[in-house]
Amino acid sequence: MPTVQLSVMPHNLACWEEGASCDDCLEVLRENQTMIFSVADSSVMAGFAIVCSILGFAFNLTTIISLLFYRSVRLQVTTPFILSVSFADLIYSTILLPLLTKRFYTRQSESSLCKVFPVLFYLVLGASILSLMNVTINRTCVLLFQEKAQKIFTVKFSNLVIFLCWLLPLAILISPMFGLYGKMDVKDYTKSCTILPDEYGRTPKKIMYNFFIFLPCSVMVICNIIMFAKLKLTPYSGILSEGRKAENIF
């Protein structure tokens, strides 16, 4: 059978399913392609991961330093949430992206690493999105009822919410971490460290996607629509006065 170049091999998930028997799929496996991605694709993704890692580290570190060293900004109620988002992105840039670069470059993943990587990945993802959701909720409340927002969104309350933003994803990750509900392992055809179904076919991924992606994104969309409608219906003079009141809150 003629040799098929790696770059033109079919990138088809069906080739990696158990019992795949088509000639093209057998050729893919015969040529030792360890990932569904070609070598060229893997190299490009590794390059992008390096660039994003460097830029992410620089921008997020600058944001954190700026927020911590300027007192007027540091005392604002939304600052803890923005710090939480920046810190999560900093972890992603300095730890997760280099590990992804190694995975794409070597086209392999270590089983021992797969016990840690999914925990960090989904913890950072959940905490970041939940923190963004709370920033949006805070901005909406300030715009709609400034006086009540001042009493509700204190610094202590914001810190408590941030703590919960990190605790909730970690609590859900405990079960797959110990193999109680799902497991953490290498996905064969992508060589990615992720959460896989256990022997009973159970995985907490749907729960995580609903609570840490679908729900927060829905809340942010609704809040932004409310803020847009409020600003659209409020006369320009009213916006200025409400803006001054909002500034007094912080």
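Points to keep in mind about this one:
- Of residues in the range 101-158 being at pLDDT below 85 and aromatic (Phe, Trp, Tyr), the one farthest from Gln76 (Cα to Cα): Tyr105
- Residue that is farthest from Leu120 (Cα to Cα) [pool: residues in the range 84-100 that are at pLDDT 90 or above and of a type in the set (A, V, I, L, M, F, W, C)]: Val85
- So Gln76, is it under 30 Å from Lys151 (Cβ atoms), at pLDDT below 85 and open to solvent by 50 Å² or more (accessible area, probe 1.4 Å): yes
- Test: residue in the range 184-203 that is of a type in the set (Lys, Arg) and closer than 17 Å to Ser111 by Cβ: yes
The values are calculated or read from the model by the stated rules, or taken from the named source; none is laboratory data. These numbers were taken from a predicted model, which means no experiment stands behind them. Heads up, the Cβs are rebuilt from the backbone with ideal geometry, glycines too, and the neighbour counts pull from every protein chain shown. Just the protein is used for accessible areas: all its heavy atoms, side chains included, with ligands, DNA and RNA removed. Shrake-Rupley method; radii C 1.70, N 1.55, O 1.52, S 1.80 Å.
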